1. If you average 1/r over all unlike Cα pairs in the range 1-110 and invert the result, what Kirkwood radius do you get in angstrom?
2. So what does residue 158 come to for accessible area, using a 1.4 Å probe and Å² rounded to 10?
3. In the chain, carbon and sulfur make up what percent of the accessible area (probe 1.4 Å)?
4. When the solvent-accessible surface of protein heavy atoms is calculated with a 1.4 angstrom probe, in what order do 16, 59 fall, highest first?
5. Largest first and in whole Å, what are the equivalent-ellipsoid semi-axes of the range 221-318 based on the Cα gyration tensor, each being the root of 5 times an eigenvalue?
6. Do the alpha carbons of any pairs in 170/202; 202/298; 175/234 sit beyond 20 Å of each other, and which pairs?
7. Residues of the chain: accessible area per residue at 1.4 Å, in Å²?
8. Go through the range 222-236 residue by residue and turn each phi into a ³J(HN,Hα) via Karplus (6.51, -1.76, 1.60, θ = phi - 60°); whole Hz please, and just put x for glycine and proline.
Amino acid sequence: MKTGMRVNVGPGGDYHTITEAIQAVPYDMPAIISIAEGIYNERLHIEKRNINIVGSGMHKTIIRGNASAEEILEDNSRRGTFRTQTLFITGEFARLSDLTIENTAGWGEDIGQALAVYSDSDRVYMENVCMSSRQDTLFLAPHPLKERQPGGFFGPRMLGDIKNTRQYFKNCVIKGDVDYIFGGADAVFDECEIVSMDRKKKINGYITAPSENLGAIGFVFRNCFIHGEEGISKESVFLGRPWRPEGKAAFLNCRYDEAINPLRFCEWNAIETEDSMAAFAEYGSKLHDGRPCDLLGKNKWVKILDDEEAERINTLADELVSEVDNCRL
């Protein structure tokens, strides 16, 4: 096992705040930061070679922020999407487990986008982590190659090179309403709970918004439970839409409730998905009670994978998981 620095945060620990603990860790030194139970009202910027953040349990250790895109800052500028995150992680490898990260700013209609997590490390491993916001909860870097509006990517990586990231999420809970899992990473989600929040609208939102992908697989969800929160309208949520025409997302052996729209996926404004490079696919889809999903109403460009195609994606996903897992402390 790799050795390195170990610090504790909380009452009786080495530091009272997570920020202090992060600042105490040299970039090149592997470190494990253990965080006691409690609510930490901090917005974190983590840039380390190999960092392991361990909470005391999902919903016991809570990291909370409330920044939002429509805020006007002291220089009279709009904050924008990519400066709203409660947690920004970059560097080479980051592992997070047993905690909650949330942005409590509110509905996107009122305050714009509000990231809980901006995940930019080369390799990311999250287990038993809850991420909660409304619009744009989890951003999986990189952002698209070109912005649609000047200054649209203003934030911590706006001048950096566009790099592929490889990210793994296991037994996580991700909550939001509009495009709340988005970006251009290769990312695998195993046995996660994906929860769409009620916007009191005919269309409640979109789960994924993948963009151009520099890797091989885009977003892959395996054995996940995907549903709306209590009281949400039936057939009001889409599994995804392409943030850029090349977006890719596959859902393998997942379970769904009645909140998911029969079309499954939809287009994004002027992007005609049928004629684009977007790749949205499903395999082994079931209702929560185990019955097969009726996919006869799906958009005709949504692909139903055969066994061989699903196995190919599973193999690529397993390779990503192995690679990321080997980076752990």
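1. 14.9 Å is the Kirkwood radius here.
2. Residue 158 exposes around 80 Å² with every protein chain in place.
3. In the chain, the share of accessible area belonging to carbon and sulfur is 46 percent.
4. On the way: 16 140, 59 110 Å².
Largest accessible area first, the list is 16, 59.
5. For the range 221-318, the ellipsoid semi-axes come out as 20, 19, 11 Å.
6. Violating the 20 Å limit, Cα to Cα: 170/202.
7. 43 Å²
8. 10, 6, 9, 9, 10, 7, x, 6, 4, x, 5, 5, 5, 6, 10
The values are calculated or read from the model by the stated rules, or taken from the named source; none is laboratory data. None of these values were measured; they are calculated from a predicted model. No Cβ is skipped: glycine too gets one built from the backbone with ideal geometry, and neighbour counts run over all protein chains shown. To get the accessible areas, we keep the full protein, side chains included, count just its heavy atoms, and leave off ligands, DNA and RNA. Shrake-Rupley method; radii C 1.70, N 1.55, O 1.52, S 1.80 Å.
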